[in-house]
Every structure is written in C-alpha cells, then in structure tokens.
1. When you go through Ala184, Ala228, Ala153, Ala221 one by one, which is the residue that is surrounded by 12 or more Cβ atoms within 10 Å (Cβ to Cβ), under 24 Å from Ile9 (Cβ atoms) and hydrophobic (A, V, I, L, M, F, W, C)?
2. Does Phe187 count as closer than 18 Å to Gly238 by Cα, among the aromatic types (Phe, Trp, Tyr) and either in a strand (DSSP E or B) or within 41 Å of the chain's Cα centre (by Cα) (or both)?
3. Suppose we filter Val140, Val111 for residues that are of a type in the set (A, V, I, L, M), within 14 Å of Gly244 (Cα to Cα) and touching a residue at least 12 places away in the same chain (Cβ under 8 Å); which single one remains?
4. Regarding the range 193-202, can at least one residue be identified that is at pLDDT below 95 and within 30 Å of Asp113 (Cα to Cα)?
5. Residue pairs, Cβ under 6 Å, 6 or more apart or interchain, first in the range 302-330 and modelled with pLDDT under 95, second polar (S, T, N, Q). List them.
6. Within the range 75-89, is there a residue that is touching a residue at least 40 places away in the same chain (Cβ under 8 Å) and either in contact with a Phe, Trp or Tyr (Cβ under 6 Å, 6 or more places away or on another chain) or surrounded by 15 or more Cβ atoms within 10 Å (Cβ to Cβ) (or both)?
7. Quick check on my filter: what residues within the range 249-280 are of a type in the set (Gly, Ala, Ser) and in contact with a helix residue (DSSP H, G or I) (Cβ under 8 Å, 6 or more places away or on another chain)?
8. Let me confirm something: among Val52, Val41, Val47, which residue is touching a Lys or Arg at 6+ places or on another chain (Cβ under 7 Å) and either assigned to a loop (DSSP other than H, G, I, E, B) or surrounded by 15 or more Cβ atoms within 10 Å (Cβ to Cβ) (or both)?
Amino acid sequence: MLAKGQTVIQLFEQLAPKHYAMADDKIGLQLGSLQKDITKVLVALDVTDAVVDEAISTGANLIIAHHAIIFRPLAHLQTDTPAGRLYEKCIKHDIAVYIAHTNLDVAEGGVNDLLADQLGLTELTHLEDVHTEKLQKLVVFVPETHHQQVLDALFKAGAGGIGQYSSCSFNIPGTGTFLPQEGAIPFIGEVGKLERVQEVRVETIVTAGVQRRAVQAMLKAHPYEEVAYDLYPMDLKGRVFGLGRVGKLPAAMTLRELTEHAKAVFDVPTVRVVGDLSRPIRKVAVLGGSGGRYMRHAMFAGADVLVTGDIDYHTAHDALAAGLAILDVGHNVEKVMKRGVADYLAAQLAKTDTQVLASAIDTEPFQFI
C-alpha cells in the first residue's frame, strides 16, 4: 500500500514541525499536490533541473528539499524562463515539491545535529535558542473499563513527555454522571435515565507539536459518544530548540588537523580558513548555511572555531581580530540532510510500499580549480 502525500508529510513534520521555522522562511508545500499516492520520495538539498530529471527517471512524485524552489513571490509564471521551465517540468510530471529549511536546521536530528555528528562533537548545546515548546495539560474522564486503552493511545501519540521522562500521567478515580437525551446512543446507560459510572480522571502533558495527534488518538480510543476532556495552557516551559550546535571534539586538534578532518567528513575539496593553523582546537561551533552573523554567538559560547559557510570578507577580518578561528566549508555541506532525512523517512514508511531515495545529484554550483 502506497502512503498518501499528506501522510508522508505528517510523518516528516514529526521530525521538523513547521512551527520550528524562523519568521518568513519559505517552507511547506511550494508546488503540486499532496492529495495523491506517493510512489517514491526524493530527498534533495536543492531543486535543480538535474534533480527534477532524477525524480522523473526514478519515478519519484514528491521531492522534499532543504532550499526553496520558489524563494520570492511570483509576479508571473512564464515557461520560457529557467525557473518557469523548471516549474512546468514538475507540473507536467506530477511532481510535488515540499521545502523544509530552518525548521530542519532547528530540529533534533536535523541539519545541524547531522553536521555535528559528522565532526564527532559531543556534549552538544545550541548556538542560539530560538524556540521553546508550549505545553498544555490534557484532562479526560474515562470509564474504568477503558482506562488503560486510552492511556496507551495517548502515550503512543506522544503525550506525557516531561523532560527526559515519557508516559507521565496522574490518574484519579471518581464517579461520573450523565443523562442521555433523546437521540443519543450511549455506550453505557439508557436514554432518559441518569447514570453514575466509575471513571478515572486522566491528566497528562501535551506539546504543541503532538496536541492534535494526541487528542485524535484519545477520541478514537475512548468508548463514549461524547467525550468530556479539557486542554489547559501551562506556564511550565517545554524543551528548548535552537540553531547551530556547540560541542567538544573527542581530543584536541590543531586548526590544520580540523581542516583536514572537515574536508574528509564533509566530502569537500577545499576549505577557507581564518586563524593560526597551529592553534589547538577543542570546542567547536557548527552552523549549516551562511553563519557569518553568528560569529558573536560562537565567541560567547566559548568556541575556538566556527564551522559554517558563505563567510564574507569583513566578517573574516572581524573574527581574525577577535581571535575566533573560522572554517568556511561551503553552503553545500548541508547535503548531509539528504541521507539523514531519507533514512528517517524510510524508517517511518517501512510498513508502506512508498520508497525513499537520497538524491545522488551534486548541486554544488562552484568549481574548485
């Protein structure tokens, strides 16, 4: 059985929810429709002609990419322009394009965690905190006979997480009353007769990301025709998510050694380096994409070096004067997300016939001579 497009994206957004994205970021479905069966998903860094040709040749009808195919509002759609021809090719071959950018940067297991893992960093923290989970308390009244069934459904849907603990709840027995009116089809009792039922008041925590899924699971598992439940906002804050990562190398390296290490693990031919190549490096800040404006964040975090891409000339001078080393490994190292996202989605879709492929196309626009 093939997975529907909406199902694929719902599973993906458990990794990188849209609300993680920075303001005005161009994310989500940008082209095509998700109201169809998905034969294959192609995970790509960029959406280029070569990538779309790869999707056509492999039979993929959904591309999940990191960089937007439509970055600015369209004033017109002319198919005799390079961009217009690209959109036309996707539409003609019924290929949908979904973008996950800064939400995938922020996500645990996303771009920046993958980059940190490649470098072998440990004891990770965020370079900048950007999102704190909002928590709500979900309260539902369940007949004793279905108490465990509803609890299991809530926990399976992701409710009950507090810090490093899961399946957290509080359960209070009591007596529920109700009087079924004309037209009701009660699970317990009779129309026109007041009923008293031994019930359990279940209290648990839900995050914004799982609230809808948890409520739907609870309603499906609950036996009552009309379910009594409440959602209360909480001042208690949930997990914090952020851009970039700061961590430690297993053992100190010189800046020259770290440069060679980065070239090897990121599969890049050259690296632009700022700083004394003989200086020892132990604490590393890493940020996929253009990280120049996070130079001060790296210094504040106590990093010896910032590993990122697209560093401009003046930022390099500022870092040199401030004593912060920089490795500009290029924007294209974010290609690490192709295999990371493909592996995640393949595991999520394992019980379906939908396949997931990591794009084999190198979208690096620069040649190194």
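The values are calculated or read from the model by the stated rules, or taken from the named source; none is laboratory data. Small disclaimer: the values here were computed from a predicted structure and weren't measured. Backbone-built Cβ (ideal geometry, glycine too); neighbour counts: all protein chains shown.
1. Ala153
2. Considered against the rule, which asks whether it is closer than 18 Å to Gly238 by Cα, among the aromatic types (Phe, Trp, Tyr) and either in a strand (DSSP E or B) or within 41 Å of the chain's Cα centre (by Cα) (or both), Phe187 comes out as no.
3. Val111
4. There is no residue in the range 193-202 that is at pLDDT below 95 and within 30 Å of Asp113 (Cα to Cα).
5. Asp310/Ser290
6. Going residue by residue through the range 75-89, those that are touching a residue at least 40 places away in the same chain (Cβ under 8 Å) are 87, 89.
If we keep only those that are either in contact with a Phe, Trp or Tyr (Cβ under 6 Å, 6 or more places away or on another chain) or surrounded by 15 or more Cβ atoms within 10 Å (Cβ to Cβ) (or both) as well, we get 87, 89.
Yes; the residues of the range 75-89 include at least one that is touching a residue at least 40 places away in the same chain (Cβ under 8 Å) and either in contact with a Phe, Trp or Tyr (Cβ under 6 Å, 6 or more places away or on another chain) or surrounded by 15 or more Cβ atoms within 10 Å (Cβ to Cβ) (or both).
7. Ala262, Gly275, Ser278 - these are the residues of the range 249-280 that are of a type in the set (Gly, Ala, Ser) and in contact with a helix residue (DSSP H, G or I) (Cβ under 8 Å, 6 or more places away or on another chain).
8. Sole residue among the options that is touching a Lys or Arg at 6+ places or on another chain (Cβ under 7 Å) and either assigned to a loop (DSSP other than H, G, I, E, B) or surrounded by 15 or more Cβ atoms within 10 Å (Cβ to Cβ) (or both): Val52.
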